[in-house]
Amino acid sequence: MDSLEDDVQKQPRDPLMLGIGALILGVIAIVSDFVLGQAIAGLGIGAVGLVFGGYAVNYANRSIGDKNRMVSMVLSAVGLFASMIGFIYGLAGLV
């Protein structure tokens, strides 16, 4: 019987999906700050987006041989930037 670790190791992560996830988190953080007026939500989601976006940029950079490497890096970088904007405005809204 295979263990759970064997199943996890068989499926590689897709850097394009990580970039899209970082972009979605960044957009949600910005919407929380500006449209909903929820600074604490924008701060929290922005912080998670920063960590996720940083990981996505690093993983896309290390994915050698992937045909969507540059697209993944650009999406991850835009998501990282959007998360940074959401985090900064969320922090400014609390202060």
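Odds and ends about this structure:
- Zone residues, the stretch 63-95, relative to Phe34, backbone N less than 16 Å from point 7 Å out along Cα-to-Cβ: 78-93
- For the pair Phe81 and Arg13 in one chain, pulling the backbone fully straight at 0.36 nm per residue adds 22.3 nm over the alpha carbon distance.
- Interatomic Cα distance distribution for the chain, bins of 5 angstrom, percent: 3, 18, 21, 16, 13, 11, 8, 6, 3, 1, 0
Computed from the coordinates by the stated procedures, all read-outs in this text should not be read as laboratory data. Worth saying up front: this structure is predicted, and the values here are computed from it rather than measured. Using ideal geometry, Cβ is built from the backbone for each residue, glycine included, and neighbour counts are taken over all protein chains shown.
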